[in-house]
Amino acid sequence: MRGNAMALFGRKKTTETPQGRELKREIATAEKQFREGVTTLRDLLAPAALRITPRHLELSGEYIGTLFAFTYPRYLASPWLAPLINLDTELDIALFVYPLESAVILKNLKKKVAQVQASIAMAQEKGQARDPLLETAYQDIEELRDRLTQGTERFFRLGLYFTIHGREKKELDDTIGRIESLLEGKLIYVKPAIYQMEQGFISTLPLGHDVLQVGTNMNTAPLSTAFPFVSSDLTSDTGILYGINRHNNSLIIFDRFSLENANTVIFAKSGAGKSYTVKLEILRSMMFGTEVIVIDPENEYRYLAQATGGTFLRISTASEHRINPFDLPPLREDDNPEDVLREQVTHLTGLIAIMADGLSAEEKSIADEAIWQTYALKDITPATKEWNREPPTLEDFYNILKDMAGGRNLALRLQQFVTGTYAGVFNKPTNIDTTTQLVVFNLRDMEEQLRPMAMYVVLAYIWKKIRASLKKRVLVIDEAWVLMQHEESAQFLFGIAKRARKYYLGVTTITQDVTDFLTSRYGKPIVTNSSIQFLLRQSPAAIDLIADTFYLTEGEKYLLLESDVGEGLFFAGLKHVAIKVVASYAEDQIITSDPRQVLEIEAARKEMETREVAPPAPSEPG
């Protein structure tokens, strides 16, 4: 059968006519013309023109150059590629790693050991001084042979190429110079791929083709340092979950009280998720017994207080909650009454300065003397050992001040808080309860011009409570830029942040007005006295100030500009990572600030209440 088939095939081949061969040629030509007229993916991706020169390529109006690494130092520290990854320029990096046979490498290393040993022996015979370079080489080779034999190391050939893009040739040359300087500072030397620019460009395309074929032998340990994506890890055995590490998806679990101080600053634009982040931290911190006090200027913590059984205090002109700024802090066993009273007088002088819209040097002296006389009126002096007396009020201070020489003008400026429009706001005995684990002071309904002094009074009251007993506490000050508008309140806030560690307190300072906060005299000192910094999405207008304050790289600046809600940078001591804040469904229902979600939750709550109070349906007779 096979012979017959071959015979038939042979007859068919020999009987082909000239007309048949011409027809085949015409069909092949037509197919070629058809294929040339079909648009392929290669046609869509290919540039309009490509010009190749010995030192660069010109591609679609851009200048492109390729460098290759050829020499490395004895030791490489991770991450030595990070400065290039974060460089603010268009750059393509290709790493080609080829495994080599250990048997071949061991054979070559054996020969190399013999050569080095011979060189050392010859030098000794001639009476020459020992050569540290030869001895170091001998030790390195022997150590590598041991590790290769034990299987703890392997040998590879590394090809590392950099393709740089520039709009102009000068820009390309400048960028190449910067890269060469960065690498040479780490004793890594590169060369341009002269007369091989096309091969270098192809090698750095995402095709996996090493056309350039320039490599350096390297074992496992130094090769591992070339991994370009290295991120810090902030996972510990204690603390709370702050979020997810966006680089490696690890958990960011941290205890703020494990650092040199437990203070935190949070900067973000409106709607970036700063209050959501803080409420989530509060909720999780309370699970570990931490007491939390919040100064809330926008009514964002009410649901959280209600859900956790906390105290929600509305501080406003129409509210029944009152704080007397002349209240004295309880005396501890180690307190000196005179020192405590002097500190209280200092705080009150700062409050009077805010109320009076500033004090001259003479008025400060008059106010200071009037405060001392006001306390003396109630038999409270530096010599007093027991302070269980009724404290004075702002009205008592006003009555003394107006009768003092030079105090009439200052008294007139304070009259609106005693007998005028705002009488009673800061002129009534304290009647609030702050014994729960979470206490929220809400200032939303306070008049705008009274808000700075209200925050000051609340902050002073909280500080008295904190210094009275040593407990693990967190103080949250939302919209802290309001306090930074006045010298006295900014100084008071800085003093609390500086002394908080001694009282087991962590101060969380939140602001969206970055410029007002950081340009204040006490803004940057508060940041430097905070071991944790939280940067969420920023506006372009504030990013340069943020970058200068926190020494951000160009890559980190762009990350903050492009971050989604709840995403940003988390700094803890010397470490910082890119973070994404995550919450469970139950946590989200308690802490959300999204108006749409709040309305939905409120509607669901009212519906449940309606069902609970609805009378039962009448039963059927019989």
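Laboratory data are not the source of any read-out in this text; all were calculated from the coordinates shown. Model, not experiment: these values are computed from the prediction. Heads up, the Cβs are rebuilt from the backbone with ideal geometry, glycines too, and the neighbour counts pull from every protein chain shown.
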- Message: I'd like the distance between the alpha-carbon centres of the range 290-320 and the range 444-479, rounded to an integer number of Å.
- Response: 11
- Rh (Kirkwood; distinct C-alpha pairs) - the range 464-568, Å: 14.8
- Please give the peptides 517-530, 401-414 ranked by average Cβ packing (other Cβ atoms within 10 Å per residue), highest first, as a rough proxy for protection. 517-530, 401-414
- Task: For the chain, restrict the atom set to alpha-carbon positions and state the Rg and Dmax in Å.
- Result: 37.7, 135
- Sorted by average packing, counted as other Cβ atoms within 10 angstrom per residue and highest first, what order do 357-363, 29-35, 258-264 take? 258-264, 357-363, 29-35
- Query: Which parts of the range 493-509 would a label at GLU260 reach, counting a residue when its backbone N lies under 16 Å from a point 7 Å out along Cα-to-Cβ?
  - Reply: 497-502
- Note on the structure: In whole angstrom, the spacing between the Cα centers of the range 414-438 and the range 372-398 equals 17
- Query: Given 0.36 nm per residue, what is the gain on full extension from LEU134 to ALA361 after removing their alpha carbon distance, in nm?
  - Reply: 74.1 nm
- Message: How large is the direction-averaged shadow of the alpha-carbon convex hull of the range 324-429, in nm²?
- Response: 6.4
- Item | C-alpha center-to-center spacing [the range 16-44, the range 529-592] in angstrom | 61
- Note on the structure: Label model pair GLU168, LEU23: point-to-point distance (7 angstrom along the Cα→beta-carbon line) in nm is 6.6
- Message: For a protection proxy built on the mean count of beta-carbon atoms within 10 angstrom, sort 343-350, 150-157 highest first, please.
- Response: 343-350, 150-157
- Message: Quick test of the membrane-span-like rule: which DSSP H helices of the chain reach at least 15 Å along their long axis (C-alpha atoms) with mean Kyte hydropathy at least -1.0?
- Response: 2-14, 102-125, 132-150, 169-184, 274-286, 337-355, 361-377, 451-468, 487-499, 540-550, 595-613
- Item | Non-local Lys pairs in the range 324-429, i.e. 8 or more apart or on different chains, that have alpha carbons under 21 Å apart | 4
